Amino acid sequence: MRIPHPLLGLRDLREFTYLGDAALIDRPEATADEDKAALNAHVFLRDNPAGTHRELWYHEYGDRSWLVVTRDTRTHEILGAELARDVALAAGRDR
Amino acid sequence: MSGGARLAGGLIERERRLRFTFDGQVFEGHPGDTLASALLANGKVLMGRSFKYHRPRGPFSAGSEEPNALVTLRTGARAEPNTRATTAELYEGLEARSQNRWPSLALDLMAVNDLLAPFLGAGFYYKTFMWPRAFWEKLYEPLIRRAAGLGRLSSQPDPDAYESAWLHCDLLVVGAGPAGLAAALTAARSGARVVLADEDFRLGGRLLAERGNLADRTGPDWVGSLEDEFERLPNLRVLRRTTVFGAFDHGVWGALERVADHLAEPLPDMPRQRLLRIVARRTLICTGATERPMAFAGNDRPGVMLASALRAYANRWAVPPPGPVAIFTNNDDGHRTAADLSALGCQVAGVIDMRPQAPQGAGYEVFAGAHVRATRGRLALRAIEVETAGGRIVSLPCRMLGISGGWNPNIQLSLHRGGRPAWSDELAAFLPGTATPADMRVAGAASGDFSTRAALTGGAAIARAALSELGIAAETPDDLPEAEDAHVRITPCWHVPGKGRAFVDLQHDVTVKDIGLAHAENMRSVEHLKRYTTLGMATDQGRTSGVIGLAVMAELAGRSIPETGTTTFRPPYGPVAIGAFAGDARGPGFRPVRLAPSQAWAVEQGAVFVEAGQWMRAQYFPRPGETHWRESVDREVLAVRSSVGLCDVTTLGKIDVQGADAAAFLDRIYCNAMASLKVGRSRYGLMLREDGHAMDDGTAARLAEDHFVVTTTTANAGPVFRHLEFARQCLWPGLDVQLVSTTDAWAQIAVAGPGSRALIARVIDGFDLSDEAFPFMACASLRICGGLRARLFRISFSGELAYEIAVPARFGDALMRRLMSVGADLGVTPYGTEALGVLRIEKGHAAGNELNGQTTAQMLGLGRMVSTRKAAIGAVMSRRPGLLAETRVQVGLVPVDPADTLPGGAHLFAEGAPRDMRNDLGWISSSAHSPHLGHAIALAFLEGGAERMGQTVIVANPLEGAEMRARVVSPHFIDPEGVRLRG
């Protein structure tokens, strides 16, 4: 498996660690105990698509970038990879 | 001895002879021979015994598809079972032994199985070894294991080296037959980076085994001129003896290069085999085709082989058949073998062609519309029985029978990444199909183009097409030779009905009747057929048997072959030794070893080491006269409690956190407050996972407003750093914070015990160590030993007055030696991980056993640390009702009988309660002998622990069959008020 790192080009699978669904970026900023339902969904509920899946990969044996990789779960074709930081900023995450 | 009888021609070096042995008997062959060709030239046809029935077998093929001629090559530690004699390249001194026979190949007493064959059909094991259940492990399993397998492993460590390597190219060409050679030539002349791999030791594929394929020159002659040109092309890498065994995602290929298998033993520093991962932008599958047989009674007699193999032995290796030859065919290709052998002066007894309209033979008889009904002979073929078109039975004396049932394109690699093959009625064969991935193309016989001309032009065409996608212009070579362009004419036939056993899978002894039995017992899916009969599950993976098995099954079910479908093709295409996958990742190379800065010093002290992840850590330091590890550990513990001890704690993870928002960032990482930490102070911190469970703990030291150093446990250094980077990049990308791991940059030594202040004072440069100036949990950057920069932390894992002192890693060894020498009069004592563990258990500190991913802050007795005033990771989720209702909390245990030990992992029960899951009250997470208290102590998670203080619980250890009583106490076995560490 080869992942197209946006800064470093095609890199081999073995340099990366997998985390999971890129929805983990959308963490609810929950402080009150009433927010448990939103947090619960964030921590435990995942879609399991047959097709395009956006997922988090960490370039652990590389530049330590977190990436959002778009992969077709049926063919393993990789449709793109972005820096997760850019994705998070574009989604309005900041401080 | 003469290298055996030979025909004219062939690709062997006749002037050189190679001596070799088979079952101890000495033979001679020539360079260029395989073991099989050399044995055949010496008149040896019998080479093995079949797996189940121990039937005598000779070689069935001349290549890697071989099911029969499996031998053990070499002796001693290098002995390798199940080596195919048909691919083993001959070398001087080669030693081979036959397998699966006793006492000898010619007289195998295990052949009694053959007489029992009526009882040993498909599913025999499943049906027979069912009852009684008590026999499973004691009787049946040892029995079956003894009978299983063909060869025997040496059971000695492999003395050879293996390595793995990467190759990157624009174009990978798999197979160096006519299609692959034309493709490689086209691509290499364009300047593209090309890798050409072939499993044979000689390039050419079927061109080496055929006569008259090219118009003006012989195949080997053309291949020779290509090899000269290949030598001059630096952008082309030719890999001989290399099997591409698997296609993996995104253009990654697995290949096995047999670097030294053709030598008696590898040259110095030479690996025996090399596992290549080839990353190719485009790949051309030019893997050719494999001839398949037809099943008929007695088709496994030694001397019966694929017609194309007979032809290959005669043309390439100049091996004459031991007597008259007959051919049994359903297509025109069978006649080529007869014609070639006849041209070489061999006697052809006849061609038995299933087709009524069979072509006429030149110089041999053709039995049109006939079939072979049976064979005669025991250890070698003597005659065949032919039933003619008119129903007459003719006995035809012959020593070899070539079978040609058509050709199966070698499509396996094109299907490893998924997809199903397509059936061609015209060719009676499976073709690659439409689901071939976009970066792969198939040409030549592998794509069903069986003529040499089609292979040459097809190979060149797919090379051009693939390169044009990469923006590389290539031209079809104008010097490709003219070649034959024959069409395939075949009338499919899979098996000849009749009495007698007709073998489909020769290696696993699966007959047509076995497939019928599986069908009768309702095994309707091909996957079920495969597993029930073990068809195609032998080392040859059904290369010659798979399609026939499907065809027989389709016939029984009244379905077409494509409707019946195929089993899934998966890597590896050929057997790959586990050693090759391991490469140099074995022994000390299994994984990197990390050594603490004081390693050399610790070795000098005679330390005993223990693996902690990748780290080697000193476990304890035995002294002369100490005969048991407990003596050393007790002494080290007591030294810390009474004077001063030193321990290298470099292995704990260290993360440097810097930036204007460093404090805010850590406030969200730790469940307890961090932003309020003053410069020059440290704080214990607990991290939670997002789901509210405890993740890791450590200390955070604030060296400046915008600079923290946090520590992690040794085991979690990597995962915590990953977690922090996730939080920084994905959750709060706007925070001004930077992280760097400094675990390896700083050597850190724990200096613990009442004498620690005095010892530290002897190495630091003018720094006030008084309790007022540098109290418990203080930290500072300072200079030691006359100018060396260092960091000092007043933190304690042991509960004693203690410091940790850090210096740049390269000074760690020197600092350890300095502390040891200047502290000699203070009784300074090195201690290892074992004493470290005892000290922290005595103090009730959690470690890996307690932070096991299933515990919460509340269970650890740290519930009140979780701040409710901030949004730290995991804080809200840790207050889920289910977690809050958890009453199992960390407690201390001491044995009621002081002589008892408290085993780690033991479970706790109330006195009188049944010892079952319902009544389980918790478990012991850590235990030790406390030399300070003089008896065993333990940390445990106990249900309702807070209310059970002073009560007695049962410690059950059913694994070792012991039980003891223990009293519940505070987990702080020593100095619960913390007087010592603040001293």
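The figures follow:
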item	result
Cα-based Kirkwood hydrodynamic radius, region B:245-402, one decimal, Å	18.2
Interface size B-A, as summed buried accessible area [1.4 Å probe, Å², nearest 100]	3100
Computed [θ] at 222 nm, helices only, for chain B once each DSSP H run of length n ≥ 4 contributes -39500 (n - 2.57)	-5500 deg cm²/dmol
Unit Cα scatterers, Debye sum, region B:925-970: log10 I(q)/I(0) for q = 0.16, 0.20, 0.22, 0.27 Å⁻¹	-0.49, -0.76, -0.90, -1.17
For region B:150-295: relative contact order, % (alpha-carbon pairs under 8 angstrom, 6 or more apart)	33
Dipole-positive endmost among B:941, B:953, B:901 within region B:838-968 (Cβ charges, Cα centre)	B:941
Volume of the Cα convex hull of region B:471-529, divided per residue and given in Å³	256
Signed unit charges on C-beta, dipole axis of the protein assembly as shown, positive-most listed residue B:380, B:314, B:853	B:380
Rg followed by Dmax, in Å, when region A:2-90 is reduced to its Cα trace	14.4, 44
Net charge dipole size for region B:359-496 [Lys, Arg +1 and Asp, Glu -1 on Cβ; Debye, nearest 20]	960
Volume per residue of the C-alpha convex hull in region B:374-500, rounded to whole Å³	183
For region A:55-88, residues shielded by at least 50 square angstrom of accessible area compared with the chain on its own, probe 1.4 Å	A:64, A:66, A:85
Protein-only accessible surface order, largest first, of B:464, B:355, A:74 at 1.4 Å	A:74, B:464, B:355
Percentage of interatomic Cα-Cα distances in region B:166-243 larger than 17 Å	40
Per-residue SASA entry for residue B:723, accessible area with 1.4 Å probe, Å² rounded to 10	30
Links that overshoot a 32 Å alpha carbon limit, given the list B:138/B:530; B:44/B:127; B:44/B:499	B:44/B:127
Whole-percent carbon and sulfur share, accessible surface of chain B, 1.4 Å	53
Solvent-accessible surface (1.4 angstrom probe) belonging to residue B:83, in square angstrom, nearest 10	20
For region B:651-770, alpha-carbon Rg relative to the globular expectation (2.2 N^0.38 Å, N residues)	1.14
Cα centroid separation, region A:19-58 to region B:572-619 (Å)	38
Listing of region B:717-743 residues, each with accessible area lower by at least 40 Å² in the full protein assembly than in the chain alone (probe 1.4 Å)	B:722, B:726, B:729, B:730, B:731, B:732, B:733, B:734
Alpha-carbon centroid distance for the pair region B:429-463 / region B:682-724, whole angstrom	58
Kirkwood-based Rg to Rh ratio, chain B, C-alpha trace	1.11
Descending semi-axes in whole angstrom, ellipsoid equivalent of the protein assembly as shown, from the Cα gyration tensor	69, 33, 29
Computed accessible area, residue B:275, all protein chains, 1.4 angstrom probe, square angstrom	10
Largest-first ordering by accessible area, 1.4 Å probe, given options B:947, B:690	B:947, B:690
Estimated FRET transfer efficiency (residue B:584, residue A:2; beta-carbon r; R0 25 Å; 0.05)	0.60
Unit charges on C-beta of K, R, D, E only; dipole of chain B, Debye	1160
Charge dipole (region A:2-90, unit charges on Cβ, about Cα centre) - positive-most of A:81, A:10, A:40	A:10
Average accessible surface area per residue within the protein assembly as shown, 1.4 Å rolling probe, Å²	41
For region B:707-799: relative contact order, % (alpha-carbon pairs under 8 angstrom, 6 or more apart)	17
Region B:882-964: proportion of alpha-carbon pairs further apart than 15 angstrom, %	55
Values of log10 I(q)/I(0), in the order q = 0.19, 0.24, 0.31 Å⁻¹, for region B:617-674 under a Debye, Cα-only, solvent-free model	-0.76, -0.98, -1.25
Whole-Å distance, taken between Cα centres, linking region B:230-273 and region B:831-874	52
Heavy-atom SASA rank of B:53, A:61 (probe 1.4 Å, accessible area, largest first)	A:61, B:53
Test item: Cα-centred dipole of region A:2-90, Lys/Arg +1 and Asp/Glu -1 on Cβ, debye	320
Rounded to 10°, Cα long-axis angle of helix B:546-557 versus longest principal axis of chain B	80
Stokes-Einstein diffusion coefficient of region B:837-983, Kirkwood radius over Cα pairs, 37 °C, 0.692 mPa s, in µm²/s	205
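The values are calculated or read from the model by the stated rules, or taken from the named source; none is laboratory data. Bear in mind that the values here come from a model prediction, so they are computed numbers and not experimental data. Virtual Cβ from ideal backbone geometry, glycine too; neighbours counted across all protein chains shown. Each accessible area value is taken on the protein alone, full model and side chains, heavy atoms only, with ligands, DNA and RNA left out. Shrake-Rupley method; radii C 1.70, N 1.55, O 1.52, S 1.80 Å.
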